[in-house]
Amino acid sequence: MRPKNLPENPDRDQESVLPLPEGEGRGEGEGGAGDSTTTSFRAAPSLNRRMFLKSGTWSVAALGVTGAGVAIAEYVSRRNRLAASGAGDNPFAYDLTHLTKTDPSLIHYKEVARFSCPRAEPKRIALNHDNQVFVAAGNYISVMDRNGGVISEIALTAPARALALASDGLIYASLRDHIEVFAPKGQRLASWTSPGPRTWLSGLATSESELFAADAGHRVVLRYDRSGKLLGRIGEKSRERDIPGFVVPSPFFDLELARDGLLRITNPGRHRVEAYTIDGDFEFAWGKASAAIEGFCGCCNPISVLLLSDGRCVTCEKGLPRVKVYTADGALESVVAGTETFPENARVSAKDEAEGTHGGLDAAVDSEGRIYILDTVAKDIRVMAKKSTDTSTSA
């Protein structure tokens, strides 16, 4: 039986729009990027999407087709409506302002607190079982109470790109090309070997005995045991296993391990969330490319994923920064915060859409079901609680 939501011929249907990378799964020296490209990718002090793509084997011209197509289709449709009605000074102007307004009936959360990040360049947020807030920002992991008071900090040798808190209290951070392990009080316990020069670890998730790392550089999920031994790779394109492969046009690639034992992995270039077993079998997918609120638009969304205790899924987006809640099978349930909540993030994201590496949001949830949204541009954290009139399932 074929997994649901997979096209009859995934390679033909998907590659006609978004070609998958050549040389997927090749080791160093077996093809792919040359040494000069690899060196510039690792050594560059800052990154844009062009540099990120150049580090691999992508066709830059092909990657933007779906995301750009969504925006263009929306633009053409709106232009035609305005022209037919005679409304608007210039119906041919490229204006997506209307997409920044969220239907109030869809917003089921309200802001109950807000506090600033103690360090510049925040990237990721996580909460532990004591509702302590961990933020990876620059060369630090800051540990705060739920009101934003700083409890402690962990100094790093390089900026952290991803963060995961294990049930035993250990802290895992990815420093772009490798993972470091810290004790609950911040002592560094281990530094794992890098999987390779093009590695860009952008998402981490743990189980009792394993760790999973989303490698945006190689467009694959790495499976480790908790000692750092690499056990396998998940999501490599395979006709035999009906695996379409990940499309990752920019360094935003995330995952979570659900209570049902399946990984939920973002496939941002395909504008969807996919489910895999830890052994790498593709189970199902949901999501679509659309500028409408229920879909994902831009070059590559969603950029991060968060799972609630009942299996519902929270997604974060850039370009049009917004946070939404979906049912376990992918139906839009509600909006936590729309684009109008993050005006500066939206401005930076819009200006940066050609490069696709700035802006964006991340989210975490506490034991009471409150969602903490990290705004990487405003450098603050908004705490969102369900409105009292919301009768949906509690987190």
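The values are calculated or read from the model by the stated rules, or taken from the named source; none is laboratory data. The model shown is predicted, which means the values in this text are computed figures rather than measured ones. Please note: Cβ atoms are built from the backbone with ideal geometry, for glycine as well, and neighbour counts cover all protein chains shown.
Being touching a residue at least 40 places away in the same chain (Cβ under 8 Å) and in contact with a strand residue (DSSP E or B) (Cβ under 8 Å, 6 or more places away or on another chain) is the filter; apply it to region 333-353 and report the residue that is farthest from Ala113 (Cα to Cα).
So the residue we want is Glu333.
Among the numbered criteria (1) in contact with a His (Cβ under 9 Å, 6 or more places away or on another chain); (2) within 26 Å of Glu208 (Cβ to Cβ); (3) not charged (D, E, K, R), which one does Gly287 miss?
Gly287 satisfies every listed condition except (2).
Got a sec? Which of Val314, Val365, Val323 is in contact with a Cys (Cβ under 6 Å, 6 or more places away or on another chain) and not polar (S, T, N, Q)? Give the derivation first.
Working: Val314 fails: in contact with a Cys (Cβ under 6 Å, 6 or more places away or on another chain); Val365 fails: in contact with a Cys (Cβ under 6 Å, 6 or more places away or on another chain).
Residue meeting the stated conditions: Val323.
Find the residue count for region 98-120, including only residues that are at pLDDT below 95 and surrounded by 13 or more Cβ atoms within 10 Å (Cβ to Cβ).
Taking region 98-120 as the starting set, the residues that turn out to be at pLDDT below 95 are 98-101.
Adding the requirement that they be surrounded by 13 or more Cβ atoms within 10 Å (Cβ to Cβ) leaves 99-100.
The number of residues fulfilling the criteria is 2.
Would you mind finding the one in Ser209, Ser202, Ser238 that is in contact with a strand residue (DSSP E or B) (Cβ under 8 Å, 6 or more places away or on another chain), exposed (fewer than 15 other Cβ atoms within 10 Å of the Cβ) and of a type in the set (S, T, N, Q)? Spell out the reasoning first.
Details: Ser202 fails: exposed (fewer than 15 other Cβ atoms within 10 Å of the Cβ); Ser238 fails: in contact with a strand residue (DSSP E or B) (Cβ under 8 Å, 6 or more places away or on another chain).
Answer to the selection: Ser209.
Working carefully through the options Ser209, Ser194, find the one that is among the polar types (S, T, N, Q), farther than 19 Å from Ala158 by Cβ and out of contact with any helix residue (DSSP H, G or I) (no Cβ under 8 Å at 6 or more places or on another chain). Quick ask: steps written out before the conclusion?
On the way: Ser194 fails: farther than 19 Å from Ala158 by Cβ.
Checking each option against the conditions leaves just Ser209.
Could you grab the pairs with beta carbons closer than 7 Å, sequence gap of 6+ or different chains, first residue in region 297-315 and modelled with pLDDT of 95 or more, second one basic (Lys, Arg) and assigned to a loop (DSSP other than H, G, I, E, B)?
That search, which allows pairs on different chains as well, returns Asn301/Lys318; Ile303/Lys318; Gly311/Arg259.
Take region 297-338 and flag every residue that is among the β-branched types (Val, Ile, Thr) and closer than 16 Å to Val383 by Cα.
Initial filter on region 297-338 (among the β-branched types (Val, Ile, Thr)): 303, 305, 314-315, 323, 325, 327, 335-336.
If the condition is that a residue be among the β-branched types (Val, Ile, Thr) and closer than 16 Å to Val383 by Cα, then Val314, Thr315, Val323, Val325, Val335, Val336 are the ones that fit.
Of all residues in region 335-377, how many are assigned to a loop (DSSP other than H, G, I, E, B), surrounded by 20 or more Cβ atoms within 10 Å (Cβ to Cβ) and either at pLDDT 90 or above or β-branched (Val, Ile, Thr) (or both)?
Going through region 335-377 one residue at a time, the tally reaches 5.
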